[in-house]
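Undergrad: I'd like to ask some things about the structure below.
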Amino acid sequence: NGIVNVSAKDKTTGKEQAIRIQSSGGLSDKEIDQMIKDAETNAEQDKKLRESIDAKNQAEGTIYEVEKNLTEFKQYVDEEQEKNGSGG
């Protein structure tokens, strides 16, 4: 029902305090229906945006891994180039 009652008592002093929290209002059925309708209307656009964000995050992750590996294994690449005479 949206009501929370909380009380606390200080064992040392014996003082007790209580608070009651309740909803001061809420959404009407009309507002809830409108929010559901808006969500359904925007679902496809939201899905496309999510896919785009996921693709970007995956690409950034791949770039990070490649850069990390290049840094980590640079000395081996340089050594192989020297062996093959391809320089750097």
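The values are calculated or read from the model by the stated rules, or taken from the named source; none is laboratory data. On a predicted model such as this, the values are computed, not experimentally measured, just so you know. Reconstructed Cβ throughout: ideal geometry from the backbone, glycine too, with neighbour counts over all protein chains shown. Heavy atoms of the whole protein, side chains included, go into the accessibility calculation; ligands, DNA and RNA do not. Shrake-Rupley method; radii C 1.70, N 1.55, O 1.52, S 1.80 Å.
Undergrad: Looking at Lys48, Lys74, can you tell me which residue is over 30 Å from the mean Cα position of the chain (by Cα) and open to solvent by 90 Å² or more (accessible area, probe 1.4 Å)?
TA: So the residue among Lys48, Lys74 that is over 30 Å from the mean Cα position of the chain (by Cα) and open to solvent by 90 Å² or more (accessible area, probe 1.4 Å) is Lys74.
Undergrad: Which pairs have Cβ atoms under 8 Å, sit 6 or more apart or on different chains, and link a residue in segment 33-56 that is among the β-branched types (Val, Ile, Thr) to one that is not in a helix (DSSP H, G or I)?
TA: none
Undergrad: Moving on. I'd like the full set of residues that are open to solvent by 100 Å² or more (accessible area, probe 1.4 Å) and either under 15 Å from Ser7 (Cβ atoms) or in contact (Cβ under 8 Å) with a residue 12 or more places away in the chain (or both), limited to segment 19-32.
TA: Those that are open to solvent by 100 Å² or more (accessible area, probe 1.4 Å) and either under 15 Å from Ser7 (Cβ atoms) or in contact (Cβ under 8 Å) with a residue 12 or more places away in the chain (or both): Arg20, Gln22.
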